[in-house]
Each structure stands twice: as structure tokens, then as C-alpha cells.
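As C-alpha cells, the structure follows; a few thoughts come after it.
What follows is calculated from the coordinates using simple rules that are stated; it is not laboratory data. Just so you know, these numbers come straight off a predicted model, no measurement behind them. Quick reminder, even Gly has a Cβ in these numbers, built from the backbone with ideal geometry, and neighbours come from all protein chains shown.
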Amino acid sequence: MTAETFHALQQVLERLGDPALRESQAANGLVARHVVPQHGLELEYAWDERSRTLTLLGLARVPNEP
């Protein structure tokens, strides 16, 4: 993973801390997905409202959009 891609991943995780940007199922404690097409990544994450914690569960490569 390049430094640029890692930085983009950090930024996405930070933004997913904002309830307005999270998938609704993540708010219910279920696994949600977020695609970062410009870096060819798909994140799997969950949000724990009680502890206000975002957990990255998985990271996968996906084809980049042209």
C-alpha cells in the first residue's frame, strides 16, 4: 500500500466517525461497507454507539474505476 493510499484510508476512517456519513446498518451495530474507488479499496466496518468506536473489520482490493 502506498503512502498516498494509506493516507486516504486514514481520512476515510476519520470521516466515517461522523454519523451523517456512516451507513445506517453500521449505526445499528451491523457490518457496513464503504468503497474508495479512486484507491481501489473496500472497507468493512462496524460502529459501536455505546463506546463510540469505529472498528475496521476488513480491507479488500477492488478494481479501480477508470
If a residue must be of a type outside the set (Gly, Ala, Ser) and in a strand (DSSP E or B), how many such residues does the range 15-57 contain? 16
Residue list for the range 2-14, restricted to those being assigned to a helix (DSSP H, G or I) and exposed (fewer than 13 other Cβ atoms within 10 Å of the Cβ): Ala3, Glu4, Phe6, His7, Gln10, Gln11, Glu14
In the range 39-56, which residues are within 12 Å of Leu16 (Cβ to Cβ) and aliphatic (A, V, I, L, M)? Leu43, Ala46, Leu54, Leu56
Going through the range 15-41 one residue at a time, which ones are closer than 13 Å to Thr55 by Cα and either loosely packed, with under 11 Cβ neighbours inside 10 Å or among the hydrophobic types (A, V, I, L, M, F, W, C) (or both)? Leu16, Ala26, Ala27, Leu30, Val31, Ala32
Cβ pairs under 8 Å, 6+ apart or interchain, first in the range 37-66 and on the phi > 0 side of the Ramachandran plot, second part of a loop (DSSP other than H, G, I, E, B), ordered by first then second residue, are Gly40/Val62; Gly40/Pro63; Gly40/Asn64
Suppose we filter the range 9-38 for residues that are over 9 Å from the mean Cα position of the chain (by Cα), over 13 Å from Leu59 (Cα atoms) and among the aliphatic types (A, V, I, L, M); how many remain? 5
Tell me, which residue of the range 42-66 that is under 13 Å from the mean Cα position of the chain (by Cα) and farther than 26 Å from Thr2 by Cβ is surrounded by the fewest Cβ atoms within 10 Å (Cβ to Cβ)? Thr53
